[in-house]
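Read-outs throughout are calculated quantities, based only on the coordinates presented, and are distinct from any laboratory measurement. Computed from a predicted model, the values in this text were never measured in an experiment. Every residue, glycine as well, gets a Cβ built from its backbone with ideal geometry; the counts of neighbours run over all protein chains shown.
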Amino acid sequence: MRIGTTTFGFRYLFLDRRRAPSLAEVAAKARQHGLDVLQVCENSRPLELSESEWDDVAAGAEAAGLEIQLGCKTVELAEFRAYLTRSERLPAKLLRMVFEREDGAPPSRDDVVSFLDRALPLLEASGVRLAIENHFDLPSRVLAEAVAPHPPSRMGFCIDTANSLRNFESPEQVLDLLGDRAFCYHLKDFRVLGDKLGFRVEGAPLGQGRLDLDGVLRRILAKDKDPLILVENWTPSTGDWEHDVAEDDRWLGQSLAALRERARGM
């Protein structure tokens, strides 16, 4: 099992541009947590780096024993190409993607189908695999149906254990629909609070919420003996940046400890 996080594992570090650390500094923090992989997602604004600056970040991380990947959120082919160009120069050759329109409207099935038809030749030419992340904007069944005609060696999924809760899809249902083509996993835990008149969902450190962590890990390991598992936080904000950054880091440490302990028992 390879264990990592994404830049959403350090989400509050990037919310304030004035205080945000460099990606090299975040890569160093990931290594301090003993991680193998850092998936650099759109929240850290990686395209704002020049190509040479990006290459320096990737080379420095590799020298420290940390694999760098990229993640994007778009349905625009031009933006996708920019991420793809940087992904193909990384050893991982894996690009995680969330479908999101610039105008904020939920992407349609036609948006997804059209995008994938145009993206496939680019993926084949670059040698990059596309890991599509489930998200509340699109039912997992739609994603599964859109990807089905394309090669499983080139297009698959990044399964997130909490992203589809707003679609009333449990982690188990998402695994049922997308698990056969999973390239990687985002694990985050959650609590469901409320009464008969309503409910809300909030985050929890891994192993302390409603996620059946043992069950999810057993299913993942039954499919892949060496999976890529990326731990993310869903830490509530207090509005105090320093407090929220520290809490994010504490949750990440707790979540990683829980994952490693459970994995040893599998």
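Amide H to amide H, with H built 1.01 Å from N, MET155 comes under 5 Å of LEU130, counting only residues 5 or more places away or on other chains. Here the contact order of the chain, divided by its residue count and restricted to Cα pairs under 8 Å and six or more residues apart, works out to 18 percent. Between LEU213, ALA125, ALA27, the Cα set farthest toward the positive side of the dipole of the stretch 2-264 (charges on each charged residue's Cβ, about the Cα centre) is that of LEU213.
Across LEU138, LEU35, LEU49, mean-square fluctuation computed from a Gaussian network of the chain (C-alpha pairs under 10 Å connected) peaks at LEU49.
Taking each DSSP H run with n ≥ 4 as -39500 (n - 2.57) and averaging over every residue of the chain yields -12500 deg cm²/dmol at 222 nm. Between ALA64 and GLU48, the modelled labels are 2.0 nm apart [label points 7 Å from Cα along Cα→Cβ]. Compute the FRET efficiency between SER153 and ALA82 as 1/(1 + (r/R0)^6), taking r as their Cβ-Cβ distance and R0 = 22 Å, and round to the nearest 0.05. Efficiency computed from Cβ-Cβ geometry: 0.40. Using a simple spin-label model with pseudo-atoms 7 Å out from Cα toward Cβ, GLU102 and GLU172 lie 4.3 nm apart. Dipole magnitude for the chain: about 640 debye, using +1 per Lys or Arg Cβ and -1 per Asp or Glu Cβ, origin at the Cα centre. Amide hydrogen proximity for LYS93: with H placed 1.01 Å from N in the peptide plane, no residue at 5 or more positions away or on another chain lies under 5 Å. Restricting attention to the chain, close to 20% of DSSP beta bridges with both partner residues there are antiparallel. Of the trypsin sites (Lys or Arg not before Pro) found in the stretch 10-59, the ones in coil according to DSSP and having at most 16 other Cβ atoms within 10 Å of their Cβ are ARG17, ARG18, ARG19. Under the combined filter of DSSP loop state and at most 16 neighbouring Cβ atoms within 10 Å, the stretch 94-179 retains these GluC sites (Glu not before Pro): GLU102. Near CYS41, the amide H atoms lying under 5 Å from its own belong to THR7, PHE8, GLY71; only residues 5 or more places off or on other chains count, and H is placed 1.01 Å from N. Within the listed set GLN39, GLN69, GLN254, the Gaussian network model of the chain (springs between alpha-carbon atoms below 10 Å) gives the highest mean-square fluctuation for GLN254.
With label points built 7 Å along Cα→Cβ from the Cα atoms of ASP55 and GLN208, find their separation and express it in nm. That separation, rounded to one decimal, is 4.4 nm.
The share of alpha-carbon pairs in the stretch 2-264 lying farther apart than 26 Å comes to 39%.
Scaled to the globular estimate 2.2 N^0.38 Å, the Cα spread of the stretch 140-251, given as radius of gyration, is 1.19.
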